[in-house]
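To start, the structure under review is shown below, and the notes come after it.
The values are calculated or read from the model by the stated rules, or taken from the named source; none is laboratory data. Predicted model only: the values in this text are computed from it and were never measured. Every residue, glycine among them, receives a Cβ derived from its backbone with ideal geometry; neighbour counts consider all protein chains shown. Heavy atoms of the whole protein, side chains included, go into the accessibility calculation; ligands, DNA and RNA do not. Shrake-Rupley method; radii C 1.70, N 1.55, O 1.52, S 1.80 Å.
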Amino acid sequence: MQSETPSHGRAYAALVLICFIWGTSWVATKEAVRYMPALQMVGIRQIWAGALYVIWFLVKKQPWPKGKQWWPILWLAFLNFILSNGLSTWGVKYISAGLGSIIGASFPLWLVILSLIRYKEKPTPLAWIGLIFGFSGICIVFYDHLTEFLDPNFRIGIALSVTAAITWTIGTLYTKEHALHFNPYFGIGLQMCISGITLMTISKMTGMSIPLTDIPAYSWLNITYLVLFSSVLAFVSYLYALQKLPTSLVSIYAYINPIVAVLIGGAFFNERLTVVILIGALVTIMGVYLVNAALRQKRFFFWPSKSTGHRA
């Protein structure tokens, strides 16, 4: 037992690190796109982070995917990174980081709804309660933003963020239906590179880009934080925590991240922080927790036991 104590201590420290970094990554994303186009920013981030993963596995002499192994990599690059990560990043260009994180955390709610449509799976009473809590919480948050709906940019940000949550859900369902017969972490690096190159091409062709020399140091600082801390350090910490702690315990990061994003954004970056928003965030997270509990109890085949659920 004594030999396990330090290991578990490091695992809990890794979990705390995950909760903080992935929560603050929403704020860093918001700050990075403040002075540059969003698709260009996320493209740079994905190419940089993806290259680090790919180089690591090439040094480890991991084989490249072959033949049909490329299809799920390409589809997940499109669903999870081009659409979900790309749109959620674009979304926080127009809305607060805290609001973006709350919408992002709602993806299990969409998982129940899409599974009902796709598989005719009838939600359990607990799942229905979770759905009611989750969407009620989002409505409470939106109530505090009613006047902002008059701003077309705000409406665009909400639409992009909701679409990102739905596409992440579709990516989750696709992952469970089409198991990736290839090193999944090497696959993530390849997906990032493919998505990053695609998004950079789109931003260039549509004129939504600026010369790299015109990107301010402040944006580069936030991109560096997102790559080194969010995409690398936090993800490695996540894998370590999964090895040492129960998955159900590690998954609490999904409930803490939005709270961290809301509090940090309100305290240091002048984002709106009111009692109504905090109550709405807590009610939403309670709903997500209940839905997660219902999905684990019913043991749906598509429920991701080891998914990061992280897009910021």
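For region 233-249, which positions are out of contact with any His (no Cβ under 9 Å at 6 or more places or on another chain) and at pLDDT 90 or above? Walk me through how you get there before you give the answer.
Of region 233-249, the ones out of contact with any His (no Cβ under 9 Å at 6 or more places or on another chain) are 233, 236-237, 239-243, 246-249.
The answer is Leu233, Ser237.
Quick check, is Lys66 among the charged types (D, E, K, R) and open to solvent by 40 Å² or more (accessible area, probe 1.4 Å)?
Working: among the charged types (D, E, K, R): yes; open to solvent by 40 Å² or more (accessible area, probe 1.4 Å): yes.
Against the criterion (among the charged types (D, E, K, R) and open to solvent by 40 Å² or more (accessible area, probe 1.4 Å)), Lys66 qualifies.
Here is a check on your reading of the model: is Phe186 crowded, with 16+ Cβ neighbours inside 10 Å, of a type in the set (Phe, Trp, Tyr) and not in a loop (DSSP other than H, G, I, E, B)? Write out each step before concluding.
On the way: crowded, with 16+ Cβ neighbours inside 10 Å: yes; of a type in the set (Phe, Trp, Tyr): yes; not in a loop (DSSP other than H, G, I, E, B): yes.
The answer is yes for Phe186.
Does region 108-120 contain at least one residue that is within 13 Å of the chain's Cα centre (by Cα) and farther than 19 Å from Ile279 by Cα?
yes
Name every residue in region 121-148 that is part of a helix (DSSP H, G or I), farther than 21 Å from Ile285 by Cα and touching a helix residue (DSSP H, G or I) at 6+ places or on another chain (Cβ under 6 Å), in order of residue number.
Glu148
So which residues in region 189-218 are assigned to a helix (DSSP H, G or I), among the polar types (S, T, N, Q) and buried (at least 20 other Cβ atoms within 10 Å of the Cβ), if there are any at all?
Listed by number, the residues that qualify are Gln191, Ser195, Ser203.
Out of all the residues in region 110-148, which are closer than 16 Å to Gly100 by Cβ and of a type in the set (A, V, I, L, M, F, W, C)?
Trp110, Ile138, Val141, Phe142
Rundown of residues vs (1) buried (at least 23 other Cβ atoms within 10 Å of the Cβ); (2) touching a His at 6+ places or on another chain (Cβ under 9 Å); (3) touching a residue at least 60 places away in the same chain (Cβ under 8 Å); (4) aromatic (Phe, Trp, Tyr), yes/no style:
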position: Gly9; (1), (2), (3), (4): no, no, no, no
position: Tyr12; (1), (2), (3), (4): no, no, yes, yes
position: Ile21; (1), (2), (3), (4): yes, no, yes, no
position: Thr24; (1), (2), (3), (4): yes, no, yes, no
position: Gln62; (1), (2), (3), (4): no, no, yes, no
position: Leu83; (1), (2), (3), (4): no, no, yes, no
position: Ala97; (1), (2), (3), (4): yes, no, yes, no
position: Gly100; (1), (2), (3), (4): yes, no, yes, no
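Could you please give the count of residues in region 27-60 that are over 16 Å from Pro211 (Cα atoms), surrounded by 18 or more Cβ atoms within 10 Å (Cβ to Cβ) and of a type in the set (Val, Ile, Thr)?
The total comes to 4.
Being open to solvent by less than 70 Å² (accessible area, probe 1.4 Å) and in contact with a Ser or Thr (Cβ under 7 Å, 6 or more places away or on another chain) is the requirement here; does Leu173 meet it?
no
Look through Gly130, Gly91, Gly134 and report the one residue that is open to solvent by less than 40 Å² (accessible area, probe 1.4 Å) and within 29 Å of Ile223 (Cα to Cα). It would help to see each step written out before you state the result.
Working: Gly130 fails: within 29 Å of Ile223 (Cα to Cα); Gly134 fails: within 29 Å of Ile223 (Cα to Cα).
Only one candidate passes the filter, namely Gly91.
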